[in-house]
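For reference, the structure discussed in these notes is given below.
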Amino acid sequence: MLAAATRTITTARQALAEKFRQAGIDSADADARLLVAHALGIDRAALITNGERALSAGEIKTIDALGARRLKREPVARIFGVKEFWSLPLRISEAVLVPRSETETLIEAALDFVVRGGLGMKNLRMEGLRILDIGTGSGALLLALLSELPNARGTGTDISRPALDIASANAERHGLASRCSFVECDIAAGLPGPFDLIMSNPPYIARGDIATLAPEVRDYDPVLALDGGSDGLNGYRAIAHEARRLLAPGGRLIVELGAGQESAVHTLFTNAGLTAGAARNDLAGISRALGASILPNVLP
């Protein structure tokens, strides 16, 4: 991949970025910086200050190997095996979605609800909230909330055993394993309630649309975590069916939405006897986090 004359950190990075641009990768420069720094075991500052350092043949080979993976549209996070979410570095694998920044909107919505005392308790940050994360994957939502709520306890469910293994490893890594458990089941089958806070980022891509997704998603994210059925709403239907059984009075259900799904999911929740508010937008202005409760006097 790199020409024989490409011998410095800077020229290697520039050559890799150009390869990425030619392949149509939007984040060409950023990805090249990350991959070269990773290959050399240095940070961004060292990448710049040591730009004129000559590379060994072994270092060039390592950079080439990482670049080849990215040219196949493998996401950088998957190449590294780690993705940061809510300031927590989370291990990932082929069994789980790569946590995305827009999903942090759900954490913001949950913490806003907790801080303003939506459950009718005082000082909720210090109370023992019961949290359920449906389809936990890497454990991102559950672990982010546990990191913010020191006395909360939680359960993560997933239909995938390998995904639960990743979530468990992440809980251990961040010292949260004593406050959470992980259960292999569909949605929350067999779990007793109630829970004060139920979170979920369910599969919400319409089956027929999966082939049209960016290759980083289509070819590398697990289909189980993408496929929401013919209309993308199967996961929401299943959650709505279980919500009243699982949700404590005054508690909150918060789900991630796909673009354009707010109205349909709002209707599903209303028909299931829940009170849903307006969705919270992510930084791109897309309706992303929809909250619902049993009690009508709990505002969005």
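The values are calculated or read from the model by the stated rules, or taken from the named source; none is laboratory data. Computed from a predicted structure; not experimentally measured. All Cβ positions, glycine included, derive from the backbone under ideal geometry; neighbour counts span all protein chains shown.
Structural remarks
- The set of residues from the range 45-57 being part of a helix (DSSP H, G or I) and within 16 Å of LEU16 (Cα to Cα) comprises LEU47, ILE48, ALA57.
- Annotation: LYS83 fulfils all but one of (1) surrounded by 15 or more Cβ atoms within 10 Å (Cβ to Cβ); (2) farther than 23 Å from HIS174 by Cβ; the unmet one is (2).
- Take the conditions (1) assigned to a loop (DSSP other than H, G, I, E, B); (2) small (Gly, Ala, Ser); (3) at pLDDT 95 or above; GLY273 misses just one of them, which is (3).
- Exclusive hit being within 29 Å of ALA171 (Cα to Cα), surrounded by fewer than 16 Cβ atoms within 10 Å (Cβ to Cβ) and within 32 Å of the chain's Cα centre (by Cα), set ASP26, ASP31, ASP43: ASP43
- Verdict on ALA289 being in contact (Cβ under 8 Å) with a residue 12 or more places away in the chain, farther than 30 Å from THR212 by Cα and either of a type in the set (Phe, Trp, Tyr) or surrounded by 18 or more Cβ atoms within 10 Å (Cβ to Cβ) (or both): no
- Among the residues making up the range 58-88, those that are in contact with a Ser or Thr (Cβ under 9 Å, 6 or more places away or on another chain) and assigned to a helix (DSSP H, G or I) are ILE60, VAL76, ARG78.
- Against the criterion of being under 29 Å from LEU149 (Cβ atoms) and either touching a helix residue (DSSP H, G or I) at 6+ places or on another chain (Cβ under 6 Å) or of a type in the set (S, T, N, Q) (or both), ALA279 qualifies.
- A count restricted to the range 252-268 and to residues that are in a helix (DSSP H, G or I), of a type in the set (Val, Ile, Thr) and touching a Phe, Trp or Tyr at 6+ places or on another chain (Cβ under 7 Å) stands at 1.
- Residue list for the range 25-44, restricted to those being outside any loop (DSSP other than H, G, I, E, B), of a type in the set (A, V, I, L, M, F, W, C) and in contact with a helix residue (DSSP H, G or I) (Cβ under 8 Å, 6 or more places away or on another chain): ALA28, ALA32, LEU34, LEU35, VAL36, ALA37, ALA39, LEU40
- Among (1) surrounded by fewer than 19 Cβ atoms within 10 Å (Cβ to Cβ); (2) within 25 Å of ASN201 (Cβ to Cβ); (3) at pLDDT 95 or above - the single one ALA68 does not satisfy: (2)
- The range 150-164: number of residues that are more than 13 Å from PHE195 (Cβ to Cβ) and crowded, with 16+ Cβ neighbours inside 10 Å: 4
- Selection count, the range 199-213, where residues are in contact (Cβ under 8 Å) with a residue 12 or more places away in the chain, farther than 17 Å from GLU256 by Cβ and exposed (fewer than 14 other Cβ atoms within 10 Å of the Cβ): 1
- Scanning the range 232-250 for residues that are in a strand (DSSP E or B) and in contact (Cβ under 8 Å) with a residue 60 or more places away in the chain yields ALA248, GLY250.
- Matching entry among PRO194, PRO222 (being surrounded by fewer than 18 Cβ atoms within 10 Å (Cβ to Cβ), within 28 Å of ALA23 (Cα to Cα) and in contact (Cβ under 8 Å) with a residue 60 or more places away in the chain): PRO222
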